[in-house]
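Worksheet: the structure to be examined is printed underneath.
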Amino acid sequence: MELISVLDNPLTEEYLSLKQYALGKEISWFYHETTGSVFTQEEKERDIPLWGHHVMVRPNRLVDRPYTTITSNLFESAYKVISQILSSNDIEAHVIYRLNINMTCGGDNKTTPWHKDLEFPHTNMIVYLNKFSDGWTYVRDGDVEEKHTPKEDGIIIFDGELEHCHAVTKLHERRIVMVVNYLRNNKE
C-alpha cells in the first residue's frame, strides 16, 4: 500500500509565475518558531523554525475561529494554479481549507515532529517549488513509514489522517513548498 501519491505538474504559465514570485525577493515571509501550532512543549523544543506566507489560514477552533480566512493577495493566482494541478490529475476538490507557501532552511540533520495539519478529514498536497538536497517528506500509517525524495516542481498528495514530517535540507539551502489542505471528492 502506497501512502504517498505523485501527481503530474502541468507547469502552466500561472504556475511558473507563482513559483517565480515565491522564490523571488518580493514575497513577504513571516517567522514562526515552530512548524506546527499544536505541538507539545517537548515537540516545540525539537522542532525547527519556519518562514511562511499564509495565503489561507487554517480553521482553528482553539482560538474560536472555525473557518478558513484568506490572508494574502496571492489567493486568486494560487487557487488557479491548484485548480490546474488538480484538473490535470483528474482530482476534484470540494473545499480548500488551507494554503501556505513555507520555507525552512538547512541545519543539523533532524526532522520536524510527526503531526497532522488539521483535526478533521482532508488531503494534503505538497508542491516542491525549488531544488534542494535532503528535505525528505515522511508519511506514516502505524508502523508503516514511507519516505519521499522531493524534486523541483514535484507534487505529492497523501491522506491528511496520516501523520507526516519532513527533514531539514543541507546547510545554507532553502526548502520552499506550497502546502494545500483540501477536502477531496468521495468518489475518487
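The values are calculated or read from the model by the stated rules, or taken from the named source; none is laboratory data. Since the model is a prediction, treat every value here as computed from it, not as a measurement. In this analysis, Cβ positions are derived from the backbone assuming ideal geometry, glycine residues included, and neighbour counts consider all displayed protein chains. For accessibility, only protein heavy atoms count, side chains too; no ligands or nucleic acids. Shrake-Rupley method; radii C 1.70, N 1.55, O 1.52, S 1.80 Å.
Report the residue count in the stretch 126-147 for those that are closer than 17 Å to LEU23 by Cβ and in a loop (DSSP other than H, G, I, E, B).
Within the stretch 126-147, residues that are closer than 17 Å to LEU23 by Cβ and in a loop (DSSP other than H, G, I, E, B) number 6.
Here is a yes/no grid of residues against (1) touching a Leu at 6+ places or on another chain (Cβ under 7 Å); (2) basic (Lys, Arg); (3) modelled with pLDDT of 95 or more:
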position	(1), (2), (3)
ALA93	yes, no, no
ASN109	no, no, no
PHE120	no, no, no
MET125	no, no, yes
LYS131	no, yes, yes
GLU161	no, no, yes
statement: Picking from ASN130, ASN185, the residue that is in contact with a Lys or Arg (Cβ under 7 Å, 6 or more places away or on another chain) and either aliphatic (A, V, I, L, M) or farther than 17 Å from THR112 by Cα (or both) would be ASN130
message: What pairs come out if I take residues in the stretch 157-174 that are more than 14 Å from TYR128 (Cβ to Cβ) and pair them with residues that are open to solvent by 20 Å² or more (accessible area, probe 1.4 Å) and in a strand (DSSP E or B) whose C-beta lies under 6 Å away, six or more apart or interchain?
response: LEU162/ASP141; GLU163/ARG140; CYS165/THR111; CYS165/TYR138; LYS170/ASP134
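Residues are listed down the side, and each one gets a yes or a no for (1) part of a loop (DSSP other than H, G, I, E, B); (2) within 20 Å of SER83 (Cβ to Cβ):
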position: ASP153; (1), (2): yes, yes
position: ILE157; (1), (2): no, yes
position: CYS165; (1), (2): no, no
position: ARG175; (1), (2): no, no
position: ASN181; (1), (2): no, yes
task: Scan (1) more than 18 Å from LEU99 (Cα to Cα); (2) open to solvent by less than 80 Å² (accessible area, probe 1.4 Å) for the single condition ARG174 breaks and write down its number.
output: (2)
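Looking only at residues that are aliphatic (A, V, I, L, M) and farther than 21 Å from ASN89 by Cα in the stretch 151-188, which one is farthest from the chain's Cα centre (by Cα)?
LEU171
Name every residue in the stretch 99-111 that is farther than 15 Å from PHE132 by Cβ and either of a type in the set (Ser, Thr, Tyr) or crowded, with 17+ Cβ neighbours inside 10 Å (or both), in order of residue number.
Of everything in the stretch 99-111, those that are farther than 15 Å from PHE132 by Cβ and either of a type in the set (Ser, Thr, Tyr) or crowded, with 17+ Cβ neighbours inside 10 Å (or both) turn out to be LEU99, ASN100.
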Enumeration of residues in the stretch 21-41 that are open to solvent by 50 Å² or more (accessible area, probe 1.4 Å) and within 12 Å of VAL81 (Cβ to Cβ): TYR21
message: Here's a check for you: in the stretch 42-98, which residue that is assigned to a strand (DSSP E or B) and among the β-branched types (Val, Ile, Thr) is surrounded by the most Cβ atoms within 10 Å (Cβ to Cβ)?
response: VAL55
- request: Mind listing whichever residues of the stretch 130-144 are in contact with a Phe, Trp or Tyr (Cβ under 9 Å, 6 or more places away or on another chain) and either under 16 Å from ASP8 (Cα atoms) or touching a residue at least 60 places away in the same chain (Cβ under 8 Å) (or both)?
  value: THR137, VAL139, ARG140
- line: Filtering the stretch 121-139 for residues that are under 13 Å from the mean Cα position of the chain (by Cα), open to solvent by 20 Å² or more (accessible area, probe 1.4 Å) and closer than 21 Å to ALA93 by Cα leaves a count of 0
